[in-house]
1. Evaluate the distance, in nm, between pseudo-label points positioned 7 Å from the Cα of ARG68 and of ARG266 along their respective Cα→Cβ axes.
2. Using 0.36 nm times the number of residues separating HIS295 and SER170, minus their current alpha carbon distance, what extension gain do you get?
3. Once you put a point 7 Å from the Cα of ASP142 and another 7 Å from the Cα of SER103, both along the Cβ direction, what distance in nm separates them?
4. Could you check which residue among ILE153, ILE289, ILE130 shows the biggest mean-square fluctuation in a GNM of the chain with a 10 Å Cα cutoff?
5. Please state the charge dipole magnitude for the chain, taken about the Cα centre, from unit charges on C-beta atoms (+1 on K and R, -1 on D and E), reported in debye and rounded to the nearest 20.
6. Over the chain, with a Gaussian network built from C-alpha contacts below 10 Å, which listed residue (ALA353, ALA138, ALA210) shows the highest mean-square fluctuation?
7. Can you compute the modelled spin-label distance between ARG21 and ARG323, with each label point 7 Å from Cα toward Cβ, in nm?
8. Give me the dipole magnitude in Debye, nearest 20, for segment 156-275 about the Cα centre, with unit charges on the beta carbon: positive for Lys and Arg, negative for Asp and Glu.
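Just so you know, all these numbers are worked out from the coordinates, no wet-lab data involved. Since the structure is predicted, the reported quantities are computational estimates derived from the model, not experimental observations. Don't worry about glycine lacking a Cβ; one is built from the backbone with ideal geometry, like all the others, and counts go over all protein chains shown.
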Amino acid sequence: MELLAALERELSLLDEASLRRRRRTTDTPCAPHVMVDGREMLAFCSNDYLGLAAHPRIVEALREGALRYGVGSGGAHLISGHSRAHALLENRFAEFMSPYIASARALYFCTGYMANLATLTALAGRDADIFSEELNHASLIDGVRLSRANAHIYPHGDTAALQRMLEASSAKTKVVATDSVFSMDGDIAPLRELAALCEQHGAWLVIDDAHGFGVLGEHGRGVLEHLNLKSPHVVYMGTLGKAAGVGGAFVAAHETVIEWLVQRARPYIYTTAAPPALAHALLTAVELIDSEEGHTRRAHLQNLIAQFRDALRLQRWQLFESRTGIQPVIIGPNDEALQVAASLHEQGFWVPAIRPPTVPAGTSRLRATLSAAHTSQDVALLAQVLNAMEQKVST
């Protein structure tokens, strides 16, 4: 069949370029020490930054939620699927983010991808201008495309270039969209400057804080707390399958913005609501993030990050500047990155190789992610093996 043959040819091209992706199957809860395809591994690849994915209190809350609300929601939020658990969770997020968002209200989504599609398509239409960071997550990129707005891509972290674009725009509606913590580099966007530009030019600032929520800030309120950023132009998205350890996402903004999303965001309106048991479990996750235990876990994570960076002695490979749980080691060629990841795997370390199109050509890398569930010994072992492997490759 010619249709299948065409796909096989394209798959062969991926193999030739060392770009085919493959899944691994875990048999244990998300944790540093996992069983992967029947083998015990030390994992540095999850986004479970606070180590909450298997926390006993959250596991118990999920069980309790299933007993109280059942398994499925049964419908979209605007039909019959909006449970008391969803309402309580949205109120909790609004309260949690209220120090940085005036008249805050929150909306819960099944995934962060859906939240970004919903926000951008609801805020912007054909006559709008959207200014998107060049290293944005795929969900923001696709949200720009689906909005049918005029898309403008500004260089990574280049606020001067963005200012020129905003000054040249005559659109009635302007939206600046950016990751907060960039998922493949680990650096943080210049959000104070971006917010000032948005206030100056009457633009919305949509912030995807997927890798900051729960991790950054004294109480885990993410990048807004980390930078003490308060602006009426901010529309904030935090995901809940990373530091919060469960799943889904929320958007927090002025109550008028959230009401507009309820009325106009198609990915919210036309999908079945997430299981209410997940929302019930997330209430416990937020409580943990905001507790003394959450503070202790964030402090431990920062200590591990400093330890890892201090321990690496790289000469040819490059460690990007990052003070977040994302610690990318730039290898360069696709095949070399795959070989290094395979060698790590043979030694019992699970660190993924990230290649184009996720990252630019020539910058294939190991994306090591650290969690508060890791120990100092875990991190020391990874740094030791990376130093030895780089020295071996260099010679």
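1. For the pair ARG68/ARG266, the computed spacing is 3.6 nm.
2. Details: separation 125, 0.36 × 125 = 45.00 nm, distance 4.51 nm.
Going from the current span to full extension adds 40.5 nm.
3. Once both label points are built, they end up 3.3 nm from each other.
4. Result for the chain, Cα springs under 10 Å: ILE153 fluctuates most.
5. On the way: 35 positive and 42 negative charges, 80 e Å.
Charge dipole of the chain: 380 debye, to the nearest 20.
6. So, out of ALA353, ALA138, ALA210, the one fluctuating most is ALA138.
7. It works out to 3.1 nm between the two label points.
8. On the way: 9 positive and 13 negative charges, 79 e Å.
Dipole size: approximately 380 debye.
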